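What follows is a short report on a single structure.
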Amino acid sequence: MFVVVAANTPGDGVAPLLPDMSIGRLKQGSSIVGSARFGDPLGGEHVATSWRVLITDYAWEDLDIERAVLEESGAELAVAAGSDPDTLAELVSEVDAIMTCWAGIPRHVVEAATRCRVVSRMGIGLDNIDVTSCSERGIPVTNVPDYCAAEVAEHALALLFALARNVGWFHQQTKAGIYQLSTAPTMRTIEGQTLGIIGLGSSGCRLASKAAALGLRVLGVRRSEAALPGVCLTDVETLLSESDFVSLHVPLLDATRHMIGESQLERMKSTAFLINTSRGGLVDHGALAKALETRGIAGAALDVQDPEPPDLSQPPFNHPHVIVTPHAAFASSRSVAELRRRATEHVVQCLQGQLPAHVVNREALGGSALKRLP
């Protein structure tokens, strides 16, 4: 069963983000979509289209942007009635393209997508897509790697300020009726402190620039040895031992899963803070909970968790020195509109036989998917 977005769907362009990551599934019963199998009437004029594009899930209020881009190319947008892998495996055989936000696209879904010409990730990370399986079947996978660099850098910096100046602590205390400075953890001047950034891609570089302008000493770790103004490049061990704040800006891969574990946390200063705006799986949350409980580090700010949503009643999320935000670093009205438009344009480009700007598995371009392109 598909939920097909009708051509006369109402909407007001870009709507504000809603806090629930599962809003795409919740919205299926709302007024913005009509439910029908392909080919069934929707209660109004239903124009046949050349291509069918499946969207597995989404985190915004409507699909106006996606629908508008696809309609220009004569494509039909359908919303999956469920985003679990088994449901998707039943649906993908009928579509020419898949767009996914957080829903998993494992091997058996890819194998069932016999008509699929492209899998478009509405975001940056690819840990929810079996890219290898797509490559084996000649299916290009695209993402939008640079759409929210400013927002992520700003969010990381905001979390740094909140940790250093006890904003989260004071907020909890005053909401509980306690108005007392003397009970707070020690506060430090941010200027002159050391920020260590692991991963100097788009968001990491922007954070480094902003932090240096505020008078922080910036250490960095990157694959490239190319110099970066205002950043002292070093190794991970040195960065962890010298930094007052450690901010993560790397993708989640097999090599980076739990890259911050017990041994890495032990290298950090007892007065240091950990900030993660990248992927929850980068941090061993059990080891982090232990480090916080034993005062091995001073606190943490976590915008991403593993799994999502986490059980907020459990450590480390319930620790008074931990700030949690709901995978919000990427979000702004500007960035989300750009993401939606570009991810959909990637689909149209592949369907029309063009090469999108960001294909993550270039080896797939020589396979069967490219030959099937019109």
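The values are calculated or read from the model by the stated rules, or taken from the named source; none is laboratory data. Since the structure is predicted, the reported quantities are computational estimates derived from the model, not experimental observations. Neighbour counts are summed over all protein chains in view; Cβ atoms, including those assigned to glycine, are modelled from backbone coordinates with ideal geometry.
Look through region 68-79, keep the residues that are in contact (Cβ under 8 Å) with a residue 24 or more places away in the chain and out of contact with any strand residue (DSSP E or B) (no Cβ under 6 Å at 6 or more places or on another chain), and return whichever of them is farthest from ALA343 (Cα to Cα).
Per the stated criteria, the residue is GLY74.
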Qualifying positions in region 223-266 - surrounded by 20 or more Cβ atoms within 10 Å (Cβ to Cβ), of a type outside the set (A, V, I, L, M) and outside any strand (DSSP E or B):
SER243, ASP244, HIS249, GLN264
VAL144 passes all but one of (1) in a helix (DSSP H, G or I); (2) under 14 Å from the mean Cα position of the chain (by Cα); (3) among the aliphatic types (A, V, I, L, M); which number fails?
(1)
Being out of contact with any strand residue (DSSP E or B) (no Cβ under 8 Å at 6 or more places or on another chain), modelled with pLDDT of 95 or more and small (Gly, Ala, Ser) is the filter; apply it to region 218-260 and report the residue that is nearest to GLY199 (Cα to Cα).
ALA255
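When residues of region 270-294 are filtered for being of a type in the set (Ser, Thr, Tyr) and buried (at least 23 other Cβ atoms within 10 Å of the Cβ), how many remain?
2
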Going by the conditions given, is CYS116 under 19 Å from HIS346 (Cβ atoms), in a helix (DSSP H, G or I) and either in contact with a Lys or Arg (Cβ under 9 Å, 6 or more places away or on another chain) or touching a residue at least 60 places away in the same chain (Cβ under 8 Å) (or both)?
no
Determine whether region 297-310 contains at least one residue that is farther than 21 Å from ALA164 by Cα, among the aliphatic types (A, V, I, L, M) and at pLDDT 95 or above.
no
Residues being closer than 22 Å to GLN349 by Cβ and outside any loop (DSSP other than H, G, I, E, B): count how many of those fall in region 94-108.
6
Those residues that are part of a strand (DSSP E or B) and of a type in the set (Asp, Glu), I need them from region 73-93; list them, please.
GLU76
